[in-house]
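Enquirer: Okay, handing you the structure first.
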Amino acid sequence: QVQMVESGGGLVQPGGSMRLSCAASGNIFRISVMAWYRQAPGKQRELVAAAPGGGSSNYADSVKGRFTISRDNAKNTVYLQMNNLKPEDTAVYYCKAQTAFYDYWGQGTQVTVSS
């Protein structure tokens with residue numbers, strides 16, 4: 001059984017920073033891409049950032065220059081460093097681990113940017 005455990009969400013003021021973590025555990029085989037998505041109320045889930053096993057990471061235009069994705073392959077963990085947060089970044093953030101056979105999702109963590 002595979003578990004994706006997220007941590008690091010909460011309330012932050014505009015302009016602040018926050019770091020999300022997501023660790024995959026269990027019988028998970030050969031993760032190719034690890035990524036972060038988010039879903040704001042009344043909106044569709046959207047890709048925030050993705051880190052392939054090799055090569056460059058990619059980002060949504062709205063977060064370029066502010067967010068950084070990184071991964072620790074030895075720990076099957078992906079991180080999302082978020083700087084200069086804006087109210088429009090408020091959403092539930094989900095991590096995803098992609099394999100050849102299945103996509104595994106975290107339970108979601110709420111990020112609220114508000115003064």
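Enquirer: If you roll a 1.4 angstrom probe over the protein chains with everything in place, what fraction of the accessible area of the chain belongs to carbon and sulfur, to the nearest %?
Expert: 46 percent
Enquirer: Whole-Hz Karplus ³J(HN,Hα) for the range 102-115, in order, using 6.51 cos²θ - 1.76 cosθ + 1.60 and θ = phi - 60°, x for Gly and Pro?
Expert: 7, 9, 10, 10, x, 7, x, 9, 7, 10, 10, 10, 7, 8
Enquirer: Antiparallel DSSP bridges in the chain: what percent, to the nearest 5?
Expert: If we restrict to bridges inside the chain, about 95 percent are antiparallel.
Enquirer: Also: Quick one: accessible area per residue over the chain, 1.4 Å probe, rounded to a whole number of Å²?
Expert: Per-residue value: 55 Å².
Enquirer: Suppose a student asked you for the relative contact order of the chain, using Cα pairs under 8 Å spaced at least 6 residues apart; what percent would you report?
Expert: 37 percent
Enquirer: Tell me which lysines have Cα within less than 29 Å of K75's Cα, excluding those fewer than 8 residues away on the same chain?
Expert: Cross-link targets: K64, K96.
Enquirer: I need the trypsin sites (Lys or Arg not before Pro) found in the range 1-40, filtered to DSSP loop residues with at most 12 other beta carbons within 10 Å of theirs.
Expert: Qualifying residues, ordered by number: R30.
Enquirer: Quick one: check the C-alpha center-to-center distance for the range 1-41 versus the range 51-67, whole angstrom.
Expert: After rounding, the separation between the Cα centres reads 15 Å.
The values are calculated or read from the model by the stated rules, or taken from the named source; none is laboratory data. Note that the coordinates shown come from a computational prediction; the quantities given were computed from them, not determined experimentally. Every residue, glycine as well, gets a Cβ built from its backbone with ideal geometry; the counts of neighbours run over all protein chains shown. We work out accessible area using only protein heavy atoms, side chains counted, and drop any ligands, DNA or RNA first. Shrake-Rupley method; radii C 1.70, N 1.55, O 1.52, S 1.80 Å.
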